[in-house]
1. Cross-link candidates for Lys114: which lysines have Cα within less than 20 Å, leaving aside residues fewer than 8 places away along the same chain?
2. Select from Ala74, Ala93, Ala173 the residue whose mean-square fluctuation is largest in a Gaussian network model of the chain (Cα-Cα springs shorter than 10 Å).
3. If contacts are Cα pairs under 8 angstrom and at least 6 residues apart, what is the relative contact order of the chain in percent?
4. Met164's amide H: which non-local residues (gap 5+, or another chain) put their own amide H closer than 5 Å, with H modeled 1.01 Å from N in plane and none for Pro or chain starts?
5. Taking every alpha carbon pair in the chain, what does the distance histogram look like in 5 angstrom bins from 0, in percent?
6. Find how much the distance from Glu41 to Ala28 grows on full extension, using 0.36 nm per residue of separation minus their present alpha carbon separation; answer in nm with one decimal.
7. With +1 on each Lys and Arg Cβ and -1 on each Asp and Glu Cβ, how big is the dipole of the range 65-138 about its Cα centre, in debye rounded to the nearest 20?
8. Taking H placed 1.01 Å from N in the peptide plane, check which residues at least 5 places from Ile100 or on another chain put their amide H under 5 Å from its amide H.
Amino acid sequence: MSEVAKRLAEIRARIERAAALVGRDPSAVKLLAVSKTQSAERVLEAVAAGQLAFGENRVQEAGEKIPAVRAACATPLEWHLIGGLQRNKARRAVELCDVIQSVDRPELLLALDKAAAELGRRPRIFLQVNIDREQQKGGCMPSTAAALAEAADQCANLELVGLMAIPRPCDNAEQVRPSFARLRALLAELNRTRPRERRLGELSMGMSGDFEVAVQEGATWLRVGTALFGERKSE
């Protein structure tokens, strides 16, 4: 068994234990392997261990890695863009990725919608929320999330599925719990005014150092890189 396969098995076991503590079905929690700075070979190692969803931060890196992985692997994989996205890279992001988790402003929505229409694709999107209101961090403010969701609903070529957040760094996982709880509450607040057929079900939150707490607070997607692949190479 490869080192990646061993780590993947341990992560899945930890997810199951965390879900059991709060009575959640662990199958409702999906794992996104953050493959930024990892080689195509490392991604293929994870695929061989059963991991099928991967997250990239940068369009340029994704544009080199994703075709290389597809050329070497017949298994259908799901690719998420989880890093900040400029409008001029929206078309390439839609070409490459099935899911874009970092949508945080109306002009980006419009660029993605236009690109999706031209390419005949319908990517799923998350609204990135600056849940801790950090000036230096991307994401819409919680107070503007409802308006951004309404704008997303008007984009015929995009499917809004949920919210994503990157809370402020903390010394231990328990300190992040309030941020996760706020994102869960915001999702519930948005759903109270949405039609049943447009209710949002996805919460992307939790990374290598705090994903068990995120599971307990309702995460449906965990973005895990270091715990799976080891320390990242310098970017």
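1. Lys114 reaches Lys89.
2. Judging by the Gaussian network model, the answer is Ala74.
3. Working: 420 pairs, mean separation 48.6, N = 235.
Rounded, it is 21 percent for the chain.
4. Sorted by chain and number, the residues that satisfy this are Leu127, Gln128, Val129, Ser204.
5. Each 5 Å bin holds this share of Cα pairs: 1, 7, 15, 18, 20, 18, 13, 7, 2, 0.
6. Numbers: separation 13, 0.36 × 13 = 4.68 nm, distance 2.84 nm.
Length gained, Glu41 through Ala28: 1.8 nm.
7. 180
8. Result for Ile100 returns Leu81, Arg124, Ile125, Phe126.
The values are calculated or read from the model by the stated rules, or taken from the named source; none is laboratory data. All figures in this text were calculated on a predicted structure; none of them were measured in a lab. Every residue, glycine as well, gets a Cβ built from its backbone with ideal geometry; the counts of neighbours run over all protein chains shown. Protein only, heavy atoms only, side chains kept; ligands, DNA and RNA dropped before computing areas. Shrake-Rupley method; radii C 1.70, N 1.55, O 1.52, S 1.80 Å.
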